[in-house]
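Novice: My structure is below; once you've seen it, I'll send some questions.
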Amino acid sequence: MEFPEEKDQMPMDFKGVWGAMEEAQRLGLTKSIGISNFSTKKTQNMLSFATIPPSVNQVEMSPFWQQKKLRDFCKANGIVVTAFPPLGAIGASWGTNHVLESKVLNEIAEARGKTVVQVCIRWVYQVGATLAVKSYNKERLKQNVQVFDWELTEEDLEKINQIPQRKMMVREEELVTATGPYESLDELWDGEY
Ligand SMILES: NC(=O)c1ccc[n+]([C@@H]2O[C@H](COP(=O)([O-])OP(=O)(O)OC[C@H]3O[C@@H](n4cnc5c(N)ncnc54)[C@H](OP(=O)(O)O)[C@@H]3O)[C@@H](O)[C@H]2O)c1
């Protein structure tokens with residue numbers, strides 16, 4: 001993943017950008033407008049000036065980074081959460097195999113007669129989020145949508161809740177610099193990492 005060079009990192013004019021996006025929606029150029037990688041605090045700040053609230057907040061979310069606080073906040077404010085990359089960005093330089101190799105998820109998959117990936121996708125759906133999952137493989141695409149005629153039990157959900165949490169993407173130090181808008185990861189993610 002390419003990040004902007006230090007010299008190109010500038011503070012984001014959230015109010016100005018959102019105002020222009022609202023205008024795009026008013027002009028009928030788009031049906032809905034949304035945000036991505038917004039922490040609870042940044043989402044709350046946006047709601048303080050938005051005249052059209054974001055319809056969606058696309059954030060990192062998987063059984064390994066469940067985003068409970070943000071999900072609760074978004075739900076209370078009518079914002080849909082979209083999970084990326086729910087499978088852990090398998091194969092990406094910044095991704096992990098945590099999801100596929102998870103003992104808990106493998107045990108649940110075996111008990112339900114499903115794949116680990118289906119368990120993962122079903123979990124996102126069952127906790128009330130939407131997801132952006134990608135595959136270039138026809139068979140895997142089919143597999144990924146076969147998640148609506150079965151469900152995870154309360155016990156399964158509880159086991160998934162117990163998975164130790166670790167934000168995967170964007171712990172990247174390149175996103176913060178002493179001269180940029182965010183000096184530390186804590187400041188960038190408002191403590192949510
Ligand atoms: N907003 C943001 O900041 C942000 C950041 C990152 C990503 N995203 C978005 O999130 C979406 C997904 O991201 P992603 O592609 O990095 O992660 P992902 O959907 O978690 O993983 C995609 C990888 O999983 C494999 N895969 C898919 N279904 C599978 C299955 N059933 N079994 C085994 N492997 C499977 C795919 O390989 P095959 O193609 O070979 O099946 C691909 O390598 C994208 O649309 C991306 O644009 C957004």
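Novice: For GLU101 and SER135, compute 0.36 nm times the residue count separating them, minus their Cα-Cα distance, and round to one decimal in nm.
Specialist: The GLU101-SER135 span can extend by a further 10.4 nm.
Novice: Fewest first, what order do MET61, MET10 take by the number of other Cβ atoms within 10 Å?
Specialist: Result, fewest neighbours first: MET10, MET61.
Novice: Taking 24 Å as the cut-off for C-alpha to C-alpha distance, list the pairs among LYS31/LYS69; LYS42/LYS159; LYS134/LYS167; LYS31/LYS68; LYS75/LYS167; LYS42/LYS167 that go past it.
Specialist: Beyond 24 Å: LYS31/LYS69; LYS42/LYS159; LYS31/LYS68.
Novice: Run through the range 1-64 and list the GluC sites (Glu not before Pro) located in a DSSP loop whose Cβ has at most 16 other Cβ atoms within 10 Å.
Specialist: Values: sites: GLU2, GLU5, GLU6, GLU22, GLU23, GLU60; in loops: GLU2, GLU5.
Answer by residue number: GLU2, GLU5.
Novice: While we're here: How big is the charge dipole of the range 1-140 about its Cα centre, in debye rounded to the nearest 20, if each Lys and Arg gets +1 on its Cβ and each Asp and Glu gets -1 on its Cβ? Each step should come with its number before you reach the end.
Specialist: Values: 17 positive and 13 negative charges, 121 e Å.
The dipole magnitude comes to about 580 debye.
Novice: Further, regarding this structure: Among ILE35, ILE52, what is the fewest-to-most ranking by other Cβ atoms within 10 Å?
Specialist: Details: ILE35 21, ILE52 14.
Sorted ascending by nearby Cβ count, the order is ILE52, ILE35.
Novice: In addition: Report the one residue of THR51, GLN165, ALA111 whose Cα lies farthest in the direction of the positive end of the charge dipole of the chain (charges on C-beta: Lys and Arg +1, Asp and Glu -1; origin at the Cα centre).
Specialist: With unit charges placed on the Cβ atoms, the residue in question is ALA111.
Novice: Enumerate by residue number the GluC sites (Glu not before Pro) in the range 95-193 meeting two conditions: DSSP loop (anything except H, G, I, E, B), and at most 13 other Cβ atoms within 10 Å of the site's Cβ. Intermediate results must be reported in sequence, preceding the final value.
Specialist: Details: sites: GLU101, GLU107, GLU110, GLU139, GLU151, GLU154, GLU155, GLU158, GLU172, GLU173, GLU174, GLU183, GLU187, GLU192; in loops: GLU151, GLU172, GLU183, GLU192.
Of the GluC sites (Glu not before Pro), the ones in loops of the range 95-193 whose Cβ has at most 13 other Cβ atoms within 10 Å are GLU151, GLU172, GLU183.
Novice: Give the order of SER32, SER102 when sorted by the count of other beta carbons within 10 angstrom, beginning with the fewest. Intermediate values should be presented prior to the final figure.
Specialist: Values: SER32 11, SER102 21.
With the fewest neighbours first, SER32, SER102 line up as SER32, SER102.
Novice: Still on this structure, I have one more. What FRET efficiency, computed as 1/(1 + (r/R0)^6) with R0 = 30 Å and r the Cβ-Cβ distance, is obtained for GLN165 and GLN25, rounded to the nearest 0.05? Don't skip to the answer; put the middle values down first.
Specialist: Numbers: r = 35 Å, r/R0 = 1.15.
The calculated FRET efficiency here is 0.30.
Novice: Projecting each Cα onto the charge dipole of the chain (Lys/Arg +1, Asp/Glu -1 at the beta carbon, about the Cα centre), which of CYS120, PHE73, GLY16 comes out farthest on the positive side?
Specialist: The residue sitting most towards the positive pole is CYS120.
Novice: Determine the calculated [θ] at 222 nm for the chain from helices alone, applying -39500 (n - 2.57) to every DSSP H run no shorter than 4 residues and normalising by the residue count; nearest 500 deg cm²/dmol. Don't jump to the answer; show the numbers that get you there.
Specialist: On the way: 9 runs with 78 residues, N = 193.
Using -39500 (n - 2.57) per qualifying helix, the result is -11000 deg cm²/dmol.
We did not get these values from a lab; they are worked out from the coordinates using the rules stated. Because the structure is a prediction, the values reported are computed rather than measured. Every residue, glycine as well, gets a Cβ built from its backbone with ideal geometry; the counts of neighbours run over all protein chains shown.
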